[in-house]
Amino acid sequence: MKKFFSVEDVTNVYDLIKEAIFLKKNPYKYKHIGKNKTIGLVFFNPSLRTRISCQKAAFHLGCNTWILNIHKDSWKIEINDGSVMKMTQEHLKEAISVMSIYCDILAVRTFPNLSDRDYDYKEVIFNKILNYSRVPVVNMESATLHPLQSLADVMTIAEFTSFFKKRCKVVLSWAPHIKPLPHSVANSFTQWISKIDKIDFIIACPEKYNLDEKFSNRVFTTHNQDVAFMNADFIYAKNWSSYLDYGKIVCKNYEWMITVNKMKLTNHAKFMHCLPVRRNIVVEDAVLDSKNSIVLQQAENRIFASQIIFLKILQSL
Ligand code: CP
């Protein structure tokens, strides 16, 4: 593997999930492959899970890591080409080129601006990073995608279905939030889950929250959350801002919060969320704290999702 930007960089999703599950059982199997190798972790935005799970994954592979929180720990970075840099000290071009000299794999997180849809959906910043880096780049969440999260999510579903043995129904449900959030988790999850057979996948969201058709064109989307929840086996809750009215909050209806009563419509569904999650806004305490909540398993699987991607790249160096 030469880079990991999206599911399209994966040859076979089933094999990748199997290999990630194998690593979970044998985390130190490849502990020598990363000897004398370094993974650079660059964050333009905050993180808890991604940062620590990637460090842990690198540790399992015997890799060294360094971390840089851009703007907080570094010079202020200029993104635009041709700028007269009165307010910024270093251009992305030099910053990425230099950081890529200091590592063998460069993993980067950079969120959308949520104001210019074309700019975000063309992945302008991430494409520049891919262009400037001299080493393979891993997407730790870009403007429109969060593939390491999605790999962990489908891995979690695989574990709870004896590797997709029997047909199951998965619902990605929009849930309320007080801030406009990126679409990356919803887009990516839709992309990855659509690669798996034996899954009936539905998106439930308010009007004006349909995802970009590039990701959702073959997925049934309903604006009726109750209908979507009927007999579901997995409820994946996530807020995202409007795609149509780009980056805006156009629904403030807290009826969309995931509650115990709504979960009663399902087939004793497992509750999923990528975290961090705002309690009693996105989901009721009683759902998040129930035995059917599998959010911690998802978070644990972030380690092995990262580990299998780092391993594939290290094997191809
Ligand atoms: N789910 C996720 O990416 O968490 P962090 O933002 O804490 O990394």
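In table form, for the structure just shown:
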{"quantity": "Looking only at segment 36-53, and only at residues there that are crowded, with 17+ Cβ neighbours inside 10 Å and in a helix (DSSP H, G or I), the one that is farthest from the ligand (Cβ to nearest atom)", "calculated": "Ser53"}
{"quantity": "Subset of segment 110-134 (residues that are acidic (Asp, Glu) and either open to solvent by 60 Å² or more (accessible area, probe 1.4 Å) or in a helix (DSSP H, G or I) (or both))", "calculated": "Asp116, Asp118, Asp120"}
{"quantity": "Selection status of Asp289, open to solvent by 20 Å² or more (accessible area, probe 1.4 Å), acidic (Asp, Glu) and in contact with a Lys or Arg (Cβ under 8 Å, 6 or more places away or on another chain)", "calculated": "no"}
{"quantity": "One residue from Ser142, Ser100 being assigned to a loop (DSSP other than H, G, I, E, B) and not acidic (Asp, Glu)", "calculated": "Ser142"}
{"quantity": "Which numbered condition Ser241 misses (of (1) of a type outside the set (Asp, Glu); (2) in contact with a Gly (Cβ under 6 Å, 6 or more places away or on another chain); (3) open to solvent by 30 Å² or more (accessible area, probe 1.4 Å))", "calculated": "(3)"}
{"quantity": "Residues satisfying the stated conditions in segment 113-149, i.e. within 16 Å of the ligand (Cβ to nearest atom), touching a strand residue (DSSP E or B) at 6+ places or on another chain (Cβ under 9 Å) and not small (Gly, Ala, Ser)", "calculated": "Phe126, Val138, Asn139, Met140, Glu141, Leu145, His146, Pro147, Leu148"}
{"quantity": "Scan of segment 54-84 for residues that are part of a strand (DSSP E or B) and within 23 Å of the chain's Cα centre (by Cα), ordered by number", "calculated": "Thr65, Trp66, Ile67, Leu68, Asn69"}
{"quantity": "Only listed residue being within 16 Å of the ligand (Cβ to nearest atom) and open to solvent by 80 Å² or more (accessible area, probe 1.4 Å), chosen from Lys56, Lys93, Lys86", "calculated": "Lys56"}
{"quantity": "Test: residue in segment 10-27 that is outside the structural domain of Trp192 (by TED's automatic domain parsing), of a type in the set (Phe, Trp, Tyr) and touching a helix residue (DSSP H, G or I) at 6+ places or on another chain (Cβ under 7 Å)", "calculated": "no"}
{"quantity": "Residue tally, condition within 16 Å of the ligand (Cβ to nearest atom) and either closer than 17 Å to Ser184 by Cβ or loosely packed, with under 14 Cβ neighbours inside 10 Å (or both), over segment 244-277", "calculated": "6"}
{"quantity": "Any pair with Cβ under 8 angstrom, 6 or more apart, that starts in segment 210-222 at a residue that is over 16 Å from Tyr246 (Cβ atoms) and at pLDDT 95 or above and ends at one that is in a loop (DSSP other than H, G, I, E, B) and open to solvent by 20 Å² or more (accessible area, probe 1.4 Å)", "calculated": "Val219/Ser194; Thr221/Asn210"}
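Here's the yes/no breakdown for (1) touching an Asp or Glu at 6+ places or on another chain (Cβ under 8 Å); (2) within 28 Å of Lys25 (Cα to Cα); (3) free of Cβ contacts under 8 Å to residues at least 24 places away in the same chain:
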residue	(1), (2), (3)
Asn224	no, no, yes
Asp245	no, no, no
Val260	yes, no, no
Cys274	yes, yes, no
Asn292	no, yes, no
Lys312	no, yes, no
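The values are calculated or read from the model by the stated rules, or taken from the named source; none is laboratory data. Bear in mind that the values here come from a model prediction, so they are computed numbers and not experimental data. Because the Cβ atoms are built from the backbone with ideal geometry, glycine has one as well, and the counts that use them run over all protein chains shown. The accessibility values were calculated without ligands, DNA or RNA, using every heavy atom of the protein model including side chains. Shrake-Rupley method; radii C 1.70, N 1.55, O 1.52, S 1.80 Å.
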